[in-house]
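Reviewing the structure listed below.
The values are calculated or read from the model by the stated rules, or taken from the named source; none is laboratory data. The model shown is predicted, which means the values in this text are computed figures rather than measured ones. Every residue, glycine among them, receives a Cβ derived from its backbone with ideal geometry; neighbour counts consider all protein chains shown.
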Amino acid sequence: MERGDGFNRFHKHAKSSSGLSVIQPGDSSNTNNGRNTANSNTMRPPCMVREQDQYMPIANVIRIMRRILPAHAKISDDAKETIQECVSEYISFITGEANERCQREQRKTITAEDVLWAMGKLGFDDYVEPLTVFLGRYRESESERTSLRGEPILKRGIDYGPMMMAPPYGPGFHMGHHHQGIFDAAAAAAAMGGFYRDGSGAAGSSSSQASLTNNFDPFGQFK
Amino acid sequence: MRQAGTYSGILSGGISGRTGPHSLPLARIKKIMKKSGDDVKMISGEAPIVFSKACELFIKELTQRSWMVTMQGKRRTLNKEDVTSAVVATDIFDFLVNLVSEDSGDTVDATPLEMDTFTSSS
């Protein structure tokens, strides 16, 4: 990123109001809200604007820093800004490497795996394992979210393998729904009663339904 | 304030497929990724999510290393020079050397730090 471009960028974007703001020294609560703060007390010349939309919001950066630092620690404003810039540089650095790999393999989409690979290659291998765990938990929570909502999981296109579980009712059993949604015990029992009636033809329908529902544990696979 | 560890932060930090209350904004991450090169075409939905956590780890590491310099100077305010020293002393932060020394114009003092506490793989 060329930071020396400040003056040109100021003129180029003079008409747009988004992303430009003049930072006051000591203004640590500056967040990107697209406002142009025209303040005559500015100590920096107007050409030294920082486009906030190319950085992580400084409030978030500060919050993460404070989690690590002891309670009595203070952070200077230029340190906050410097770390904010370093984060963006980090993202660009990793993305560049990941993108090169995609191009070599003639793929158009940068995936999470590409990002993790690039991190390992560029020396951030300490991050790879926790990030892999993080990604796995995220994918699990996504699949739980969709299965509880009753949508077919395969529609989401997540390639961790099919999550459809074999119905516990046995082969040849047909139900109205095919997902793990709200289980309609009455409908299933009636259908199951019909199935068994055809097979054995022994017991009366009501008693066979009762025994089947008693033994039936639709959520057994979740144990 | 409870400090979330690398792993425990996952369970409490609101992983619901969207940005939790303490995550970094995904749209901004995506924007920065796109700006990294003209030829960046498409970005999967999961890549910014991985980055939101990775940037957290990155900020924590850079902050820790900078704070070590602050403490060595017996100070309580972490300033930009501490960040610069930490960058220079850490190999994997080589890509940041130009960025942190851009405005200072001073020669950077490359004193190696005593990093036993924070180095996980040395």
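Observations, loosely collected:
- Across the range A:140-149, a minimum of one residue is classified as part of a helix (DSSP H, G or I), touching a residue at least 24 places away in the same chain (Cβ under 8 Å) and over 30 Å from B:Val100 (Cβ atoms).
- Residues in the range A:85-101 that are more than 7 Å from chain B (Cβ to nearest Cβ) and surrounded by fewer than 22 Cβ atoms within 10 Å (Cβ to Cβ): 3 in all.
- Qualifying positions in the range A:120-138 - part of a helix (DSSP H, G or I) and more than 18 Å from the chain's Cα centre (by Cα): A:Gly120, A:Lys121, A:Asp125, A:Asp126
- Against the numbered list (1) facing another protein chain (nearest Cβ under 9 Å); (2) without any contact (Cβ under 8 Å) to a residue 60 or more places away in the chain, A:Gln106 comes up short only at (1).
Every residue, every condition in (1) within 17 Å of A:Gly136 (Cβ to Cβ); (2) assigned to a helix (DSSP H, G or I); (3) facing chain A (nearest Cβ under 7 Å), yes or no:
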| site | (1), (2), (3) |
| --- | --- |
| B:Lys30 | no, yes, no |
| B:Val40 | no, no, yes |
| B:Ala47 | yes, yes, yes |
| B:Ser52 | yes, yes, no |
| B:Cys55 | no, yes, yes |
| B:Phe58 | no, yes, yes |
| B:Gln64 | no, yes, yes |
| B:Met68 | no, yes, no |
| B:Met71 | no, yes, no |
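- Unmet requirement for B:Ala4, which otherwise passes all of (1) under 22 Å from A:Ile62 (Cβ atoms); (2) in contact with a Gly (Cβ under 8 Å, 6 or more places away or on another chain); (3) at pLDDT 95 or above; (4) surrounded by fewer than 23 Cβ atoms within 10 Å (Cβ to Cβ): (3)
- Summed over the range B:73-97, residues that are more than 8 Å from chain A (Cβ to nearest Cβ) and of a type in the set (Lys, Arg) total 2.
- Meeting the requirement of 2 or more residues that are modelled with pLDDT of 95 or more and among the aliphatic types (A, V, I, L, M), the helices (runs of 4 or more DSSP H) wholly within the range A:1-115 are A:58-68, A:77-104.
- Unique residue being at pLDDT below 95, farther than 22 Å from A:Phe134 by Cβ and either touching a Lys or Arg at 6+ places or on another chain (Cβ under 6 Å) or of a type in the set (S, T, N, Q) (or both) when the list is B:Lys35, B:Lys41: B:Lys41
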